[in-house]
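*Asks:* Dropping a structure here in structure tokens format, bear with me for questions.
Just so it is clear, none of the values below were taken in a lab; they were calculated from the coordinates. Owing to the predicted nature of the structure, the values given are computational and were not obtained by experimental measurement. So basically every Cβ, Gly included, is an ideal-geometry build from the backbone, and we count neighbours across all protein chains shown.
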């Protein structure tokens with residue numbers, strides 16, 4: 001695994017470009033978000049997606065969310081109601097995952113049985129630059145141990161994932177909780193998970 005340490009506020013563009021090249025070549029990368037480290041690939045690369053399911057030891061029926069470059073991008077991959085758009089415009093970028101009805105352009109491998117997808121726009125320039133530079137959304141699933149525990153320390157991540165992932169962008173140890181998950185696919189918002197993002201807006 002290639003490993004690069006980035007400045008959290010002024011990340012070195014050359015390292016981000018290396019990660020973008022790996023994503024374009026169908027690779028799997030680990031990158032920081034505004035909550036925890038994420039494991040990602042191009043959502044349109046089936047082989048890379050299967051690698052992530054294998055790395056995470058997850059059944060391919062589990063929902064993985066993905067990162068879009070901006071709000072306009074979300075409308076390409078999901079059906080966005082006026083209420084959903086208004087909510088996301090107020091809260092994004094931020095530590096939220098929004099569940100929305102899937103558009104046909106979103107890979108069916110990322111659909112739930114209810115034909116929804118989970119979408120993120122994290123408040124983290126490295127994650128956003130990866131999606132923007134790739135030109136496609138990237139998978140966003142938390143970096144966890146085999147027991148499902150979050151791993152915040154880059155050195156531990158190297159030990160666990162070094163043989164399975166192509167590249168990691170590190171900004172040092174992270175602390176926090178995963179994103180809050182809000183389902184906006186129905187008539188009323190539903191809080192699936194309270195995490196880093198304040199969900200009081202929906203009460």
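*Asks:* Could you tell me the extents of region 140-203's C-alpha atoms along the three principal axes, largest first, rounded to whole Å?
*Replies:* 44, 22, 20
*Asks:* Another one. So for each of 11-17, 185-191 I average, over its residues, the number of other beta carbons within 10 Å; can you give me the resulting order with the highest mean first?
*Replies:* Packing order, densest peptide first, comes out as 11-17, 185-191.
*Asks:* A further question follows. Using Cα-Cα distances under 8 Å and only pairs 6 or more residues apart, what relative contact order does the chain have, in percent?
*Replies:* Computed over the chain, the figure is 32 percent.
*Asks:* Specify which labelled value, from (i) 45, 33, 31; (ii) 62, 48, 34; (iii) 140, 60, 33, agrees with Cα extents along the principal axes in Å derived from the coordinates of the model shown.
*Replies:* Among (i) 45, 33, 31; (ii) 62, 48, 34; (iii) 140, 60, 33, the one calculated here is (i).
*Asks:* Now for a separate question. Using r as the Cβ-Cβ distance of residue 57 and residue 201, and R0 as 35 Å, what FRET efficiency do you calculate, to the nearest 0.05?
*Replies:* The calculated FRET efficiency here is 0.50.
*Asks:* May I pose another question? For region 1-55, count the residues as N, evaluate 2.2 N^0.38 Å, and divide the Cα radius of gyration by that value, please.
*Replies:* Relative to the 2.2 N^0.38 Å estimate, region 1-55 comes out at 1.16.
*Asks:* Same structure, new question: With a 10 Å Cβ neighbour count serving as the proxy for reagent exposure, in which order, fewest first, do 72, 79 appear?
*Replies:* Neighbour counts put them in this order, fewest first: 72, 79.
*Asks:* Which residue fluctuates most in the GNM of the chain (Cα springs below 10 Å): 148, 40, 173?
*Replies:* Among 148, 40, 173, the largest mean-square fluctuation in the Gaussian network model of the chain belongs to 148.
*Asks:* Now for a different question. Pull up the DSSP beta bridges for the chain and report the antiparallel fraction as a percent, rounded to 5.
*Replies:* Percentage antiparallel, nearest 5: 60.
*Asks:* Need the C-alpha centroid separation for region 18-75 versus region 98-113, integer Å.
*Replies:* 14 Å
*Asks:* Next up: Calculate the FRET efficiency for residue 44 and residue 2 from the Cβ-Cβ distance with a Förster distance of 22 Å, rounded to the nearest 0.05.
*Replies:* 0.45
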